[in-house]
Amino acid sequence: MTDFASLLQPDRGGSAHPIHLIDKDGFADWLKKQSAARRELLEASRFEGKTPFQFAILPAVHGHEWAVVATVANAALLSPWCLAKLAEALPEGTYRLADGEPGPAMLGWLLGQHRLNAYRSKVEDQRGPRVLLTKEAADIDRVIRLAEATALVRDLVDTPAADMGPAELEAAAREVAKSFGAKMEVTSGDALSQGYPMIAAVGQGATRERSPRLIELRWGKENLSRVAIVGKGVCFDSGGLDIKPASGMRLMKKDMGGAAHALALAKLIMSERLPVRLHMLIPAVENSVSSASYRPGDVLHSRKGLKVEIDNTDAEGRLVLGDALAKAGEDEPELIIDFATLTGAARVALGPDLPAMFANDDALAASLEDAARTVTDPIWRMPLWDGYDEMLKSDLADLSNAADSPMAGAVTAALFLRRFIPQGTPWAHFDTFAWRPSAKPGRPKGGDAMGLRAALAMLQQRYSS
């Protein structure tokens, strides 16, 4: 992983190229203060200070270092991404802001320099590090931890499914657990079939090397508030016997994006040493096509005791989450949060950037929304509309795994999950895309963390000692 610690350093007054951040309202006044040579250069390059992420390199004057000018939407209120383009594009060197401190923009500076290069025969960008200096030394470690967690999500999601099956996901969880002295437990084989029948059923069509399992991590003192984090770990989703078309299967390596978020959030909780008893659960499976695959029309038992009729084998994520959520509830947690790349309906409603957030508790939902705004990690609350619960009715079993209507797919999926949450336990469900279909500064095309920082900020506010 990228050595983020080398890219963000305390400012002790050493030599560095200054970065002038300006917005369209302040550009004219700033330009008047510049030398004639700089004004001529900006005029020749048609730099007008109007378009965010535009930048230019300015010649040295009076023996000072050459400088950078860059436009931002609001120079007085920096976003996490306003320096990301510079981090991607500037030459190797050391930089500092000419005025003020970078604050939240430190995150984008770090992530703008992260790439997964394991599958490239030649790394195109041979530049050395672009180092940012800041006097906000107390925040450096915190920002590095956020960058590392975000990069963990991106790298896990971007890794091809051939190299990121249930076993590899387990290995990634073990590595995180080892770093913090957390306890790991993995349930597989007959024990999985007996204790978590829906997880076992979804994964039973895969080869033995990619067999299903439930990964659990526990950390923190027993007497602290219990928090459960659950992540959907479908390492590849063919759709099962209700097989997806080629266009729908192309990105299904990312169907373990919920598990990547859960693992990254667990890592952040432990690295921030939040005073909680953490229980992370990842049902890790591959939804494959074989003679052993579960079938439409089957009725599956669940850990909670509910019997589920299978209407569609491509609605598998809610099945594995159902068993994992039931297990999470048995420890009587104070709070349950799950992440899942669950429905295309959420993307139709909200597009790729906005995770759909469902919650059975208004106070929890409000705290997540407030946290999302504070850290600029947008989410959007969707309704757990009780009236749609009847869409999950089965003529044969307790409920169906898919609605009998093509409408409100994200809502009915969340309502299915709610059946496995203990009565009275606050719960939030993130239906996230975990993927960027097009690049933005600091956010390359590919896997990405969405809702992760919002969830952490909420937990920090709730449990800060």
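Please go through the residue pairs Lys24/Lys85; Lys32/Lys440; Lys135/Lys267 and name each one whose alpha carbons sit more than 23 Å apart in this structure. Going by Cα-Cα distance, Lys32/Lys440; Lys135/Lys267 fall outside the 23 Å limit. Volume of the convex hull of region 371-465 (Cα atoms only), normalised per residue: 141 Å³. Relative to the longest principal axis of the Cα atoms of the chain, the long axis of helix 362-375 makes an angle of roughly 30 degrees. Taking the Cα centroid of region 421-449 and of region 310-340, what is the distance between the two, rounded to the nearest whole Å? Here the two parts' Cα centres lie 16 Å apart. Binning all Cα-Cα separations of region 182-227 at 5 Å, short to long from zero, yields these whole-percent fractions: 5, 20, 23, 17, 12, 12, 7, 3, 0. Of all DSSP-defined beta bridges confined to region 14-148, some 30% are antiparallel rather than parallel.
The spacing between region 34-66 and region 189-212, judged by their C-alpha centroids, is 61 Å.
When DSSP assigns beta bridges and you keep just the ones with both residues in the chain, what percent turn out antiparallel, to the nearest 5?
Among the beta bridges of the chain, antiparallel pairing accounts for roughly 40 percent.
Exposed loop sites were defined as chymotrypsin sites (Phe, Trp or Tyr not before Pro) in DSSP loop states (anything but H, G, I, E or B) carrying at most 15 other C-beta atoms within 10 Å; in the chain the longest segment without such a site runs 120-384. Computed with the Debye formula from one identical point scatterer per Cα of region 148-463, without solvent, the log10 of I(q)/I(0) at q = 0.08 Å⁻¹ comes to -0.30.
Evaluated at q = 0.09, 0.11, 0.22 Å⁻¹, a Debye calculation over the C-alpha positions of region 266-382 (equal weights, vacuum) places log10 I(q)/I(0) at -0.34, -0.50, -1.44.
Please report the projected area of region 247-330's Cα convex hull averaged over all directions, in nm².
Working: hull surface 28.1 nm².
Projected area, direction-averaged: 7.0 nm².
Each residue, His62 and Val123, gets one label point 7 Å from its Cα in the Cβ direction; the gap between the two is 3.9 nm.
Across the chain, the mean sequence separation of Cα contacts (distance under 8 Å, 6 or more residues apart), normalised by length, yields a relative contact order of 15 percent.
For Lys393, the lysines whose Cα falls under 29 Å of its own Cα, not counting residues fewer than eight places away in the same chain, are Lys232, Lys244, Lys304, Lys307, Lys327.
For region 1-71, the calculated P(r), taken from all Cα-Cα distances in 10 Å bins from zero up to the bin holding the longest distance, is 17, 45, 26, 11, 1 percent.
Gyration tensor over the Cα atoms of region 295-348: the corresponding equivalent ellipsoid has semi-axes (square roots of 5 times the eigenvalues, largest first) of 22, 18, 6 Å.
Where does the chain land at 222 nm, in deg cm²/dmol rounded to the nearest 500, when only DSSP H runs of n ≥ 4 count, each adding -39500 (n - 2.57), divided by all residues? That comes out to -10000 deg cm²/dmol. In plain terms, if you count all Cα to Cα distances in region 4-127 and split them into 10 Å steps from zero, the share in each step is 12, 42, 33, 11, 2 percent.
May I ask you to list the trypsin sites (Lys or Arg not before Pro) in region 396-465 that are in a DSSP loop and have at most 15 other Cβ atoms within 10 Å of their Cβ?
Details: sites: Arg418, Arg419, Lys445, Arg453, Arg462; in loops: Arg419, Lys445.
Counting only loop positions with at most 15 other Cβ atoms within 10 Å, the trypsin sites (Lys or Arg not before Pro) in region 396-465 are Lys445.
Any number yet on Rg/Rh for region 105-195, C-alpha, Kirkwood? Before the final figure, lay out each step's value.
Details: Rg = 17.7 Å, Rh = 16.3 Å.
My calculation of the ratio gives 1.09.
FYI, it's all coordinate maths here, none of it is from the lab. Keep in mind that this is a model prediction, so the values were computed, not measured. Reconstructed Cβ throughout: ideal geometry from the backbone, glycine too, with neighbour counts over all protein chains shown.
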